[in-house]
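The values are calculated or read from the model by the stated rules, or taken from the named source; none is laboratory data. Bear in mind the structure is a predicted one, so any value in this text is a computation, not a measurement. Positions of Cβ are backbone-derived with ideal geometry, glycine not excepted, and every protein chain shown enters the neighbour counts.
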């Protein structure tokens, strides 16, 4: 069990909540408390409300002084001007941890400078309290209970289907929560998420320090607008990236981006070149795109995505056009698509019809031998040592290929169906995927399946269930794999 | 009605089919005939088979000579060596159009040069026949019957939900058919699709000529590996792009891409710089990525995506992080995110809480006034003349925001629900989208909604039903809008 001071922030046994009531649609505090209750939080909940006797079924207290014990954590969703007094009352009670959701701590009040941030920092220091925010969305922890039944959740709208070892620390509450509203899309759910807001007391670097040794964190995601403690950040990042990947998406750099950031968190934003140089030194994977952030993270998180040993891509396709496009994009994005050795080509040639191609891409067009596509050719490429990554185009559902719509039974009545086909499907599916995933591990060569059918197609789901990585089109994995290759190289050199 | 010779290829009233039988899973010809039948083709079908009396319920003929009429079209899926003889028989019968699916017309046969292509070209010329292929997947035409009931389809696995005025001509059968397997994903379906294969007789340029004046074609998509008639292509493209957009995805250019192409269609591929220079001259929109191809096409095809008058983006967001990232990405991708004029800023400032931002992005965080987000601010930006495109982050379902999971009725029993909320939802939805779409047309400023919920989320669907353009994350529209802006400018100049 972690002894890091932030561990208790994410695993409270009791929580006081300021700012919730019983009228839906009126306050953000109510919404947040609903989320906590819905997440099957098993700790005690103490709503604090001046007038109400109960809030959402929980006994409410006029003041935190009246609460019969010292809560592990207080969450505050109140107008900023009352927050200093609430901080004092929490301090008097002995509360040590606060999540301060409210914003409005740095904007001008009329013409007057806003000193609320300084005030609450001082109060917190006086009482030995630590707090996240202001202007944050709180936290999400799917690991609060070892058995996985229940979460600590102040910010996800909907329950995450799974829990993962992906943890995100974000200077934007949105990036920490709204990337996961579609729990199927990137095929991974977040395990722990932290919205640090304006970082008046606890910052992103603190959480980096916590996730460094956190056993429930294998991959760390960051959304950064400004790094307040650059030296410490670099030192920590270097320590972490030799063991765990860190992926960052940076909101600063452009003129408009910096303008947006200034208004968002009051940071000054920064210079993209300086940021990039710093990031490069640390081994952190950087992306500018949210989809790439999700795609890279999902690959890093997959237990069946071994780090590639180089940048040489082998392409196996059942269609010429996608093969050419994958090859183009791969080269454009810094990967290598080597022509196979004569030895390997002659082996492949013997196994293929003369309409096929065997130079790389292997284009099996008109060859219906799916065992070649799914198992034999991938294994031959892995064994050859000539490639480091395999992309398979055309991992399409057998069922879809082997069935057809038959309105009013127009066709089936005239057709001899090979009756054994459907029965063998289930075996077949497992039969063609599992051996290749094992080989992928054995040879440390990641395999990416491309199925242009819907991401929710049963066959895509099946491959994912069996541990495979599937994309609907090839652009997305091809565009981001080089970054993973660079990280893999960094990691090898630093270990 | 078009008098172009290719029109009849796509609208046959009768078709002879070589290579289909009654045993599912044995021949590609059977699969293709199943597709034709399933697409509710209303013409006559004449299977040609040496042994069978019926094929899929249709009376079969030993030879095309026995067919009681001259079919409009013959489709051939037979081993290449018998094709010349079949061509001759079709010629004798008086058939004028052939779709030649089979491949294997240019590869070495043992050590012998393959002259089959030359043979069939000569036969076709002798009889005045035209043919697509060899090595193609045929065609798809959702416009064959004016009332939309029925298709002519040899290549789509599944029925397309809608028919659109997007027509694609492709040197890869896959690109012409498999991009549409998930009929929801890019939110548009193809209207006409042609796989031209090896272009022995009819080429991509012929179809470009056909689509030029085709009233059922508003946007033309091309997948190109090699252009055989460059001069004619450029001349035609220039004529077309001043009226209809053409978007191309190019499979050649890289070393590996050219190697793949050589094996795919026997073309030599090409030099990317030369291709790009040629494309630039024509006003064609070029992309290297299949998702971008779909995204640009879907925007061009939307009746509610007016051509932007410039590259200035206005961002309205209910969250700071996405606002900063959209601004960054927009600038990175050649767009402009101007700071609003003082006049506009002061108007906006008055309508926003002091925690908000009004410089561009407009960040309404903590403002719950959805009418501002959806209607008022977009209109103010349009009227100002200061921006050309609007991106709205946070177009999230009211229902999702206004409802919550309530396991075992733990919460609802304690909560005063504002009863009127749910009833007003339906009105609300229409109320906030429709006026902005009208304004978008009026001011010729496209509006793009970003909803990080699933693409299949009811609210995303609703916006799309009402004619809006929705993406799940901002990367994709932001990455490709500049290309549309460039085309819009080209179009203005050439008209």
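Summary table
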{"read-out": "Within region A:42-72, considering residues that are in a loop (DSSP other than H, G, I, E, B), buried (at least 19 other Cβ atoms within 10 Å of the Cβ) and out of contact with any helix residue (DSSP H, G or I) (no Cβ under 9 Å at 6 or more places or on another chain), the one farthest from the other protein chains (Cβ to nearest Cβ)", "value": "A:49"}
{"read-out": "Checklist (1) away from chain A (no Cβ under 14 Å); (2) touching a residue at least 60 places away in the same chain (Cβ under 8 Å); (3) under 16 Å from residue B:301 (Cα atoms); (4) in contact with a strand residue (DSSP E or B) (Cβ under 7 Å, 6 or more places away or on another chain) applied to residue B:247, failing item", "value": "(2)"}
{"read-out": "Filtered residue count, region B:210-233, keeping only those that are under 22 Å from residue B:175 (Cα atoms), touching a helix residue (DSSP H, G or I) at 6+ places or on another chain (Cβ under 6 Å) and surrounded by fewer than 19 Cβ atoms within 10 Å (Cβ to Cβ)", "value": "2"}
{"read-out": "Matching entry among B:20, B:16 (being touching a helix residue (DSSP H, G or I) at 6+ places or on another chain (Cβ under 7 Å), part of a strand (DSSP E or B), surrounded by 19 or more Cβ atoms within 10 Å (Cβ to Cβ) and in the same structural domain as residue B:103 (by TED's automatic domain parsing))", "value": "B:16"}
{"read-out": "Answer residue from region A:291-324, given it is closer than 19 Å to residue B:479 by Cα and out of contact with any helix residue (DSSP H, G or I) (no Cβ under 6 Å at 6 or more places or on another chain) and is surrounded by the most Cβ atoms within 10 Å (Cβ to Cβ) among those", "value": "A:293"}
{"read-out": "Boolean, residue A:104 is within 14 Å of chain B (Cβ to nearest Cβ), crowded, with 16+ Cβ neighbours inside 10 Å and under 35 Å from the mean Cα position of the chain (by Cα)", "value": "yes"}
{"read-out": "Residue match in region B:386-399 (condition: more than 9 Å from chain A (Cβ to nearest Cβ) and in a helix (DSSP H, G or I))", "value": "yes"}
{"read-out": "Every residue from region B:168-188 that is over 18 Å from residue A:474 (Cβ atoms), at pLDDT below 90 and either over 10 Å from the mean Cα position of the chain (by Cα) or within 7 Å of chain A (Cβ to nearest Cβ) (or both)", "value": "B:183, B:184"}
{"read-out": "Filtered residues of region A:211-229 (kept if within 14 Å of chain B (Cβ to nearest Cβ) and over 19 Å from the mean Cα position of the chain (by Cα))", "value": "A:226"}
{"read-out": "Residue within region B:109-116 that is more than 14 Å from chain A (Cβ to nearest Cβ), within 15 Å of residue B:198 (Cβ to Cβ) and either part of a loop (DSSP other than H, G, I, E, B) or modelled with pLDDT under 95 (or both) present", "value": "yes"}
{"read-out": "Condition check for residue A:88: away from every other protein chain (no Cβ under 14 Å) and touching a strand residue (DSSP E or B) at 6+ places or on another chain (Cβ under 6 Å)", "value": "no"}
{"read-out": "Residue B:208 being touching a strand residue (DSSP E or B) at 6+ places or on another chain (Cβ under 8 Å) and within 14 Å of chain A (Cβ to nearest Cβ)", "value": "no"}
{"read-out": "Residues of region B:331-376 classified as more than 11 Å from every other protein chain (Cβ to nearest Cβ) and in a helix (DSSP H, G or I), total", "value": "16"}
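Rundown of residues vs (1) touching a helix residue (DSSP H, G or I) at 6+ places or on another chain (Cβ under 8 Å); (2) closer than 12 Å to residue A:304 by Cα; (3) within 14 Å of chain B (Cβ to nearest Cβ); (4) without any contact (Cβ under 8 Å) to a residue 12 or more places away in the chain, yes/no style:
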| residue | (1), (2), (3), (4) |
| --- | --- |
| A:445 | yes, yes, no, no |
| A:450 | yes, no, yes, no |
| A:455 | no, no, yes, no |
| A:458 | yes, no, yes, no |
| A:464 | no, yes, no, no |
| A:468 | yes, yes, no, no |
| A:471 | yes, no, yes, no |
| A:475 | yes, no, yes, no |
| A:483 | yes, no, no, no |
